[in-house]
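The values are calculated or read from the model by the stated rules, or taken from the named source; none is laboratory data. On a predicted model such as this, the values are computed, not experimentally measured, just so you know. Neighbour counts are summed over all protein chains in view; Cβ atoms, including those assigned to glycine, are modelled from backbone coordinates with ideal geometry.
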Amino acid sequence: MQSSSAKNILAISGSLRAGSSNHAILNYLGKIAPAGTSYTIYDGLSQIPHFDPGLDNDNPPETVTAFRKLTAEADGLIICTPEYAYGVPGTLKNALDWTVSSGSLSEKPLALITASTGGENAHAALLLILTALNAKVAKDTTVLISFIRSKMDGNGDITDGETVKGLMKAFKAFFSSL
């Protein structure tokens, strides 16, 4: 992929496990990003405190300030998440809740990948959440990958051709939206 100007992309995994399928997908996308792209996988979800409207003021917790700054400075975001108990992982939802008052996701181009055993419920819920946050999520920048573990090998490499095609199509559409 080629781009006329370098972009700053923030990738967020909804899974805290470093060896997760979601991290593997984000690593894969980082390898195929256009030359010169700044591509960062955020690893601080577990450090963000529980959302508390009483702390959401001019001086929120430092980790919240840092997260908001990263999201605000990014040209676009990629979220890749599993589904937990038919819903959005709590740490991901918590981080997104902290962005409401800052508006750091408002009009921000965003790609959403849900990769799980099923994933339909978390995918639908995240689309609603991202709409509430006014993020720019186009239909062609979303991918639902059910039964992800059957589409990867033991090293975390994607082995299913249709999955690779779907990711490539969404990734290309995402970069076109930046």
Inset, instruction - Check off (1) modelled with pLDDT under 95; (2) of a type outside the set (A, V, I, L, M, F, W, C); (3) under 12 Å from the mean Cα position of the chain (by Cα) for THR81 and give me the number that stays unchecked. - result: (1)
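One line per residue, one yes/no per condition, for (1) touching a His at 6+ places or on another chain (Cβ under 7 Å); (2) in a loop (DSSP other than H, G, I, E, B); (3) over 19 Å from GLY166 (Cβ atoms):
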position	(1), (2), (3)
ALA11	no, no, no
LEU16	no, yes, yes
ALA24	no, no, no
GLY30	no, no, no
SER46	no, no, yes
ASN57	no, yes, yes
LEU96	no, no, yes
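Here's the yes/no breakdown for (1) more than 14 Å from ASN94 (Cβ to Cβ); (2) under 12 Å from the mean Cα position of the chain (by Cα):
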position: ASN8; (1), (2): yes, no
position: ILE12; (1), (2): no, yes
position: GLY36; (1), (2): yes, no
position: TYR42; (1), (2): no, yes
position: GLY76; (1), (2): yes, yes
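Of all residues being in contact with a strand residue (DSSP E or B) (Cβ under 9 Å, 6 or more places away or on another chain), in a helix (DSSP H, G or I) and not hydroxyl-bearing (Ser, Thr, Tyr) in region 150-168, which is farthest from ALA18 (Cα to Cα)? Just the residue, please.
Let us first name the residues in region 150-168 that are in contact with a strand residue (DSSP E or B) (Cβ under 9 Å, 6 or more places away or on another chain), namely 151-152, 158-160, 163-164, 166-167.
This time we only want the ones that are in a helix (DSSP H, G or I), so: 151, 163-164, 166-167.
Next, from what is left, pick out any that are not hydroxyl-bearing (Ser, Thr, Tyr): 151, 164, 166-167.
On the way: LYS151: 18, VAL164: 21, GLY166: 23, LEU167: 20 Å.
Ranking the candidates gives GLY166 first.
Go through LYS7, LYS69 for me and flag whichever is farther than 21 Å from ARG149 by Cβ, buried (at least 17 other Cβ atoms within 10 Å of the Cβ) and of a type in the set (D, E, K, R).
Numbers: LYS69 fails: buried (at least 17 other Cβ atoms within 10 Å of the Cβ).
Testing whether each residue is farther than 21 Å from ARG149 by Cβ, buried (at least 17 other Cβ atoms within 10 Å of the Cβ) and of a type in the set (D, E, K, R) leaves just LYS7.
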Legend entry - Which numbered condition ALA24 misses (of (1) out of contact with any Phe, Trp or Tyr (no Cβ under 6 Å at 6 or more places or on another chain); (2) within 23 Å of LYS136 (Cβ to Cβ); (3) among the aliphatic types (A, V, I, L, M); (4) crowded, with 16+ Cβ neighbours inside 10 Å): (2)
Inset, instruction - Identify the single condition in (1) under 27 Å from LYS7 (Cβ atoms); (2) surrounded by fewer than 14 Cβ atoms within 10 Å (Cβ to Cβ); (3) not aliphatic (A, V, I, L, M) that SER104 does not satisfy, given that it satisfies every other one. - result: (2)
